[in-house]
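Enquirer: This is the structure, below, for whatever I ask next.
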Amino acid sequence: MTYPTFTLSLPAWLTEAAMPSEHSLATIEARMTFVIELARRNSEAGTGGPFAAAVFDLTTHRLLAPGVNRVTTACCSSAHAEIVALSIAQQRIGHYDLGGPGRPPYELVTSTEPCAMCLGAVPWSGVRALVCGARGDDAAAIGMDEGAKPADWVAQLEQRGIRVTRDICRTAAASVLTQYQRSGGEIYNARQAN
């Protein structure tokens with residue numbers, strides 16, 4: 001039996017989009033606004049779910065890697081925006097550990113708090129900060145299954161040296177989710193223990 005080769009790629013619109021200059025992303029709100037716009041565009045283009053993430057250098061605020069949700073278009077349940085952004089960042093630096101010796105500190109900015117799967121990927125990636133827009137409750141409100149996460153997940157990440165900032169531009173991030181639902185976007189993995 002021959003198995004297919006698996007390649008996960010970004011949608012054409014993202015690779016062709018003008019990426020921001022490092023100066024335009026000096027604030028946490030600017031970085032989140034950029035990520036929310038990626039989520040909105042991904043949803044509107046029909047190239048995946050209403051989620052986006054990006055890895056930034058915390059020192060220069062330069063974008064290292066963008067990522068958008070590719071679950072439905074790649075037929076891959078693990079192709080969440082955070083996983084895509086972290087994977088691209090690791091490929092760009094040529095190493096699996098973004099927090100390794102001699103590397104700058106990296107920040108993962110995500111339009112919605114990580115689900116259970118992506119939460120597990122955060123400490124293993126080596127990022128030193130996590131910034132979230134919408135809450136997991138906002139995603140659950142449209143029917144998305146965020147999985148079982150410990151109630152103290154923020155404290156657990158912070159104990160591992162990962163600074164967590166929540167609710168940055170939450171209203172704008174949550175609006176992408178509700179617009180996706182209203183427009184008939186596919187609510188995948190919504191079985192929620194059924």
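The values are calculated or read from the model by the stated rules, or taken from the named source; none is laboratory data. As the structure is a prediction and not an experimental result, all values here were calculated from the model. Note that we place each Cβ from the backbone using ideal geometry, even for glycine, and neighbour counts take in every protein chain shown.
Enquirer: When the stretch 89-117 is examined, which residues are found to be crowded, with 19+ Cβ neighbours inside 10 Å and in contact (Cβ under 8 Å) with a residue 40 or more places away in the chain?
Expert: Of everything in the stretch 89-117, those that are crowded, with 19+ Cβ neighbours inside 10 Å and in contact (Cβ under 8 Å) with a residue 40 or more places away in the chain turn out to be 98, 106, 107, 108, 109, 110, 111, 112, 113.
Enquirer: So which residues in the stretch 103-131 are in a loop (DSSP other than H, G, I, E, B) and either over 17 Å from residue 150 (Cα atoms) or among the hydroxyl-bearing types (Ser, Thr, Tyr) (or both), if there are any at all?
Expert: 103, 104, 105, 126, 127, 128 - these are the residues of the stretch 103-131 that are in a loop (DSSP other than H, G, I, E, B) and either over 17 Å from residue 150 (Cα atoms) or among the hydroxyl-bearing types (Ser, Thr, Tyr) (or both).
Listed here are the residues, each with its yes/no results for (1) at pLDDT 95 or above; (2) among the acidic types (Asp, Glu).
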| site | (1), (2) |
| --- | --- |
| 118 | yes, no |
| 123 | yes, no |
| 127 | yes, no |
| 130 | yes, no |
| 134 | yes, no |
| 137 | yes, yes |
| 140 | no, no |
| 152 | yes, yes |
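Enquirer: Test residue 127 against the criterion of being of a type in the set (A, V, I, L, M), under 19 Å from residue 78 (Cβ atoms), crowded, with 18+ Cβ neighbours inside 10 Å and touching a residue at least 40 places away in the same chain (Cβ under 8 Å), and give yes or no.
Expert: It is true that residue 127 is of a type in the set (A, V, I, L, M), under 19 Å from residue 78 (Cβ atoms), crowded, with 18+ Cβ neighbours inside 10 Å and touching a residue at least 40 places away in the same chain (Cβ under 8 Å).
Enquirer: Determine whether residue 44 is farther than 17 Å from residue 110 by Cβ and assigned to a helix (DSSP H, G or I).
Expert: So residue 44 passes the test.
Enquirer: Let me ask another. If we keep just the residues of the stretch 54-78 that are in contact (Cβ under 8 Å) with a residue 60 or more places away in the chain and in contact with a strand residue (DSSP E or B) (Cβ under 9 Å, 6 or more places away or on another chain), which is surrounded by the most Cβ atoms within 10 Å (Cβ to Cβ)?
Expert: My answer is 55.
Enquirer: Among (1) hydrophobic (A, V, I, L, M, F, W, C); (2) surrounded by fewer than 24 Cβ atoms within 10 Å (Cβ to Cβ); (3) touching a residue at least 60 places away in the same chain (Cβ under 8 Å), where does residue 84 come up short?
Expert: All conditions are met except number (2).
Enquirer: Do we find a residue being under 21 Å from residue 178 (Cα atoms) and modelled with pLDDT of 95 or more anywhere in the stretch 83-98?
Expert: No, the conditions are met nowhere in the stretch 83-98.
Enquirer: If only one of 9, 43 is crowded, with 22+ Cβ neighbours inside 10 Å, polar (S, T, N, Q) and within 16 Å of the chain's Cα centre (by Cα), which one is it?
Expert: Being crowded, with 22+ Cβ neighbours inside 10 Å, polar (S, T, N, Q) and within 16 Å of the chain's Cα centre (by Cα) holds for just one of 9, 43, which is 43.
Enquirer: Just need a number here: residues in the stretch 80-105 that are under 21 Å from residue 115 (Cα atoms) and in contact with a Leu (Cβ under 6 Å, 6 or more places away or on another chain).
Expert: Total satisfying the criteria: 1.
Enquirer: Could you go through the stretch 58-77 and let me know if any residue there is under 26 Å from residue 164 (Cα atoms) and part of a helix (DSSP H, G or I).
Expert: Yes, the stretch 58-77 contains a residue that is under 26 Å from residue 164 (Cα atoms) and part of a helix (DSSP H, G or I).
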